[in-house]
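Data block below; observations after.
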């Protein structure tokens, strides 16, 4: 029984789809040929530092590529960086990152392990922690690892270079981050490492260290950085332009429908399993006017919600969207918030406290800002008073922005 997809051209087409850069591509071809000949899976690694509790669609660009490697028969290894995460990746950072404690990292890692299986096949995925090989290193071995690279080369990194030129501090421990990530490849004897284009320095460090340790060098496969819902910036929770893969189906669907039209094809390519041929047909239809952008975007929303929830959930999310946004009706179902003393003063509900306590906004400051923007409605009426106090009517409905609703319940 063959373990590996035997068609070299098919493998190459799948691997090359959507990639930004492969270094070196000719060596990838040779590795694939050898893999097919010996019927032996390639070891494909991805390192994830669990420095935040949730995964968003931007992270899944690389996960989708890993799934393609899985489907071709190769061995996927996810490295959860409980050691590298203590330092934090300095890539793109203008200052030293706060070191995280082990308990926080492990809590985040548990969430990651649940979420990645929404993309990857759990039975074919191996998860390891890099403390397995980094923790046992003696100080002598760590010094030997540090001797494999020079300070001059390290300062060629754009982020380090900028900080050095502007007299911003660079911790010595930050130099160890790319060394530790590169050593992960040595420990696993990785054939291929995946990452975003912003990870190029770290991925190439893996190649360099494998050569230093007399191993066959890995191939660096880099994926594009996914733009967020603003259509410009990298998808990021801090920028608020993200779609979390654990978000409720109607929230996910609504966010996708809010994105600029020019992002649709990119999302089809990078975060769905739609075929290259079908994406080309969609592009042609949009260009010649035979397909309406709204219909294509609704199809994209259905596909993405189906991936992370279910086909049925996607259908329900679409009906919710049509009811709320196209027919301008309140949704049939919405969260119920029971009024408590925490949001009441002098017998009246304090709107900013209510919005914050019900988690419709991040805090009272954002609540007031949303009111100023005309984004808060009570029973369909726009609120103008940023400090509004009111006595709820039976079945009072609060709406914030385009997608957030709650129904108030008396205490």
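The values are calculated or read from the model by the stated rules, or taken from the named source; none is laboratory data. Predicted, not measured: the structure shown is a model, and the values here were computed from it. Cβ: placed from backbone, ideal geometry, glycine included. Neighbour counts: every protein chain shown.
Quick notes
- The residues on offer are 289, 341, and the sole one that is out of contact with any strand residue (DSSP E or B) (no Cβ under 9 Å at 6 or more places or on another chain) and on the phi < 0 side of the Ramachandran plot is 341.
- Filtered residue count, region 71-81, keeping only those that are surrounded by 19 or more Cβ atoms within 10 Å (Cβ to Cβ) and within 14 Å of residue 12 (Cα to Cα): 3
Okay, residues lined up against (1) within 17 Å of residue 213 (Cβ to Cβ); (2) in a loop (DSSP other than H, G, I, E, B):
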{"residue": "148", "(1), (2)": "yes, yes"}
{"residue": "161", "(1), (2)": "no, no"}
{"residue": "174", "(1), (2)": "no, no"}
{"residue": "177", "(1), (2)": "no, no"}
{"residue": "183", "(1), (2)": "yes, no"}
{"residue": "190", "(1), (2)": "yes, yes"}
{"residue": "195", "(1), (2)": "no, no"}
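- Residues (closer than 22 Å to residue 324 by Cα and either modelled with pLDDT of 90 or more or assigned to a helix (DSSP H, G or I) (or both)) located in region 337-366: 355
- Of all residues making up region 36-70, the number that are over 12 Å from residue 120 (Cβ atoms), at pLDDT 95 or above and crowded, with 22+ Cβ neighbours inside 10 Å: 2
- Of everything listed in (1) under 24 Å from residue 72 (Cβ atoms); (2) touching a strand residue (DSSP E or B) at 6+ places or on another chain (Cβ under 9 Å); (3) surrounded by fewer than 22 Cβ atoms within 10 Å (Cβ to Cβ), the single unmet condition for residue 198 is (1).
- When each of 163, 153 is tested for being under 30 Å from the mean Cα position of the chain (by Cα), more than 29 Å from residue 63 (Cα to Cα) and free of Cβ contacts under 8 Å to residues at least 40 places away in the same chain, the lone residue that passes is 153.
- Test: residue in region 151-159 that is outside any strand (DSSP E or B) and in contact with a strand residue (DSSP E or B) (Cβ under 6 Å, 6 or more places away or on another chain): no
- Evaluation of residue 121 against the conditions (1) surrounded by 17 or more Cβ atoms within 10 Å (Cβ to Cβ); (2) closer than 28 Å to residue 43 by Cα shows that the sole unmet condition is (1).
- Residue within region 93-110 that is closer than 21 Å to residue 223 by Cβ, modelled with pLDDT under 90, under 16 Å from the mean Cα position of the chain (by Cα) and outside any strand (DSSP E or B) present: no
- Evaluated against (1) within 29 Å of the chain's Cα centre (by Cα); (2) without any contact (Cβ under 8 Å) to a residue 60 or more places away in the chain, residue 377 falls short on exactly one condition, (1).
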